[in-house]
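Here is the structure we will look at, set down as structure tokens.
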Amino acid sequence: MTATTAVVEGAAGAPGERRRGRDDPRGRLHRWDLRYSPYAFVAPFFLFFAAFGLFPLLYTGWTSLHRVELTSPERMEWAGLHNYARLLGNDFFWDALRNTFTIGVLSTVPQLLMALGLAHLLHYRLRAATFWRVALLTPYATSVAAATLVFVVLYGRDYGMVNWALQAAGVGPVDWQNGTWSSRCAVSSIVIWRWTGYNALIYLAAMQAVPDELYESAALDGASRARQFLHVTVPALRPTILFTVVVSTIGATQLFGEPLLFGGAGGQKGGASHQFQTLGLYLYEQGWFNYHLGRASAVAWTMFLLLLLIATVNALLARWLGKDR
């Protein structure tokens, strides 16, 4: 047999061999594994998201269009947009929205400024740098209940340490829980204490990604550390700062645990005059104290729409910063 004949016979037999390879169960299983195994790996996430994320969201939206009470949730009466119209005409809702915005500003702005300053200090070589980084993260690891209860004791009207320090400085005691601005500042201080270290570590990680050549060039030009921080570090951290602003704003919109525990037995009201009732507390009061699940669902979807608005603003700002670069 010549070499040419062998090549021709091999070529003629190749399709049959390929056909047998396709019919081979092992080859078929191998192809299925390559094609479908990635979907099997990610399927649990989507199943859990659909069960515990998407379905509750859609069902809450459906409930917000009905009159339904907590005492008889199976009885649903179609109300259309009545719950939303009633919500927009309710003074307590607008007070809660105003309180949410005020507490969000009082907690977010100082928090991020302090986090940026602490990250700048940790960025340079310090003794026991690992200890300080763990110490910054400790408040974040502390439970909301434990942290808030400690602050309740600190802000006690008669025997609190904060009022004791104020009296030592010649300032009269402050009723932190019943005052309007004092209660908002107290709740904001809890949020600041818990989240400053977390944001500082995010900024620190972003600072470590800034090339050292930029700092060396700035130093050769005679720039001090303060000028390096303003003209090198801050511009390089603009995407990270935008991210922390958006995340902190979302957290402030959903603020619930701190004001609830700070208010004591009637914490869902946000104080005797609703002076620090947030949207989360207003939702909780409507659903679990007034038993109006339809109205509570309308509050929940209003908060969801606010978060979508924040996400849209974030996307526009990110696009603008990208073009500016």
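Checking each residue in the stretch 250-272 for being touching an Asp or Glu at 6+ places or on another chain (Cβ under 9 Å) and either of a type in the set (A, V, I, L, M) or open to solvent by 60 Å² or more (accessible area, probe 1.4 Å) (or both) picks out only LYS269. Run VAL153 past the list (1) assigned to a helix (DSSP H, G or I); (2) within 30 Å of LYS269 (Cα to Cα); (3) open to solvent by less than 30 Å² (accessible area, probe 1.4 Å) and report the number of the one that doesn't hold. Every condition holds for VAL153 apart from (3).
In summary, HIS274 fulfils each of the numbered conditions (1) in a helix (DSSP H, G or I); (2) at positive phi with the single exception of condition (1). Every condition in (1) out of contact with any strand residue (DSSP E or B) (no Cβ under 8 Å at 6 or more places or on another chain); (2) closer than 30 Å to THR71 by Cα is met by LEU293 except one, and the failing one is (1). The residues of the stretch 156-166 that are open to solvent by 80 Å² or more (accessible area, probe 1.4 Å) and either touching a Leu at 6+ places or on another chain (Cβ under 9 Å) or of a type outside the set (Phe, Trp, Tyr) (or both), listed by number, are ARG157, ASP158, MET161.
Looking only at the stretch 193-222, which residues are open to solvent by 30 Å² or more (accessible area, probe 1.4 Å), over 27 Å from LEU137 (Cβ atoms) and not charged (D, E, K, R)? Selection gives LEU214, SER217, ALA219, LEU220, GLY222.
Could you list all residues from the stretch 223-249 that are open to solvent by 80 Å² or more (accessible area, probe 1.4 Å) and of a type in the set (Phe, Trp, Tyr)?
PHE243, the sole residue that qualifies.
For the stretch 124-139, state whether one or more residues are polar (S, T, N, Q), over 19 Å from PHE256 (Cβ atoms), touching a helix residue (DSSP H, G or I) at 6+ places or on another chain (Cβ under 9 Å) and open to solvent by 20 Å² or more (accessible area, probe 1.4 Å). Yes, the stretch 124-139 has at least one match.
Restricting ALA200, ALA218, ALA206 to residues that are within 16 Å of the chain's Cα centre (by Cα), over 25 Å from MET303 (Cβ atoms), in contact (Cβ under 8 Å) with a residue 12 or more places away in the chain and assigned to a helix (DSSP H, G or I) narrows the list to ALA200.
The values are calculated or read from the model by the stated rules, or taken from the named source; none is laboratory data. Quick caveat: nothing in here was measured; it's all calculated off a predicted structure. Cβ atoms come from the backbone with ideal geometry, glycine included; neighbour counts cover every protein chain shown. What goes into the accessible areas is simple: the full protein's heavy atoms, side chains included, and nothing from ligands, DNA or RNA. Shrake-Rupley method; radii C 1.70, N 1.55, O 1.52, S 1.80 Å.
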